[in-house]
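Peer 1: Got a structure for you, questions after.
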Ligand SMILES: *[C@@H]1O[C@H](CO)[C@@H](O)[C@H](O)[C@H]1NC(C)=O
């Protein structure tokens, strides 16, 4: 696969690598800044991950990339998120390079699995939008609504055009015939 010349940013490369066939339909978001998935620093807002999440739009099949060292990523229930504790998380990864794919719309609760980290703000709620199933109906409805007038216009335009063309040809051929007559 040819990589466009703009593919200089790591995020863009991630998009290419992870989204494969459905390149146009999904995005990969890297969580956190340069430090990745870490405990917010004292100077940072302890809601910094939620701040970040609220500034992005996530949809089904988008992925999150978590980069970290000596930490982990867990997806938990809302209750566990509030308590910052989960004995049996819905998802767990501690390989330092976690890719999580949203397989449904709705809310996802992420916390660090390291004791104390979630309490200090290493947690995040992501809302995955239900846009994919919702988008096609209005589009096709628009198309359906637009097609008949377009077709009518097309036919309506074609008739005068063909008349013009035919009559122009007729006039031309008459003119040519008269020349040779
Ligand atoms: C997500 O990906 C799966 C498998 O690649 C595909 O079947 C499905 O249609 C995708 N869903 C959306 C909403 O793009």
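The values are calculated or read from the model by the stated rules, or taken from the named source; none is laboratory data. All values reported here derive from a predicted model rather than from experimental measurement. We place every Cβ from the backbone using ideal geometry, glycine too, and count neighbours over all the protein chains shown.
Peer 1: Going by the conditions given, is residue 87 at pLDDT 95 or above and more than 19 Å from the chain's Cα centre (by Cα)? First the steps, then the outcome.
Peer 2: Numbers: at pLDDT 95 or above: no; more than 19 Å from the chain's Cα centre (by Cα): yes.
For residue 87, the condition - at pLDDT 95 or above and more than 19 Å from the chain's Cα centre (by Cα) - is not met.
Peer 1: Please specify each residue of the range 23-74 satisfying the condition of being within 19 Å of residue 130 (Cα to Cα), in contact with a helix residue (DSSP H, G or I) (Cβ under 6 Å, 6 or more places away or on another chain) and more than 16 Å from the ligand (Cβ to nearest atom).
Peer 2: Correct list: empty.
Peer 1: Here is a check on your reading of the model: is residue 126 surrounded by 15 or more Cβ atoms within 10 Å (Cβ to Cβ) and within 16 Å of the ligand (Cβ to nearest atom)? Steps first, answer last, please.
Peer 2: Details: surrounded by 15 or more Cβ atoms within 10 Å (Cβ to Cβ): yes; within 16 Å of the ligand (Cβ to nearest atom): yes.
When the stated conditions are applied, residue 126 passes them.
Peer 1: For the range 47-84, enumerate the residues that are part of a loop (DSSP other than H, G, I, E, B), crowded, with 16+ Cβ neighbours inside 10 Å and more than 18 Å from the chain's Cα centre (by Cα).
Peer 2: Within the range 47-84, 68, 71, 72, 84 meet the criteria.
Peer 1: A follow-up question, please. Quick one: is residue 67 more than 20 Å from residue 41 (Cα to Cα) and touching a residue at least 12 places away in the same chain (Cβ under 8 Å)?
Peer 2: no
Peer 1: Another one. Looking at this structure, is residue 38 surrounded by 15 or more Cβ atoms within 10 Å (Cβ to Cβ) and not in a loop (DSSP other than H, G, I, E, B)? Before you say what the answer is, go through the steps one by one.
Peer 2: Working: surrounded by 15 or more Cβ atoms within 10 Å (Cβ to Cβ): yes; not in a loop (DSSP other than H, G, I, E, B): no.
Against the criterion (surrounded by 15 or more Cβ atoms within 10 Å (Cβ to Cβ) and not in a loop (DSSP other than H, G, I, E, B)), residue 38 does not qualify.
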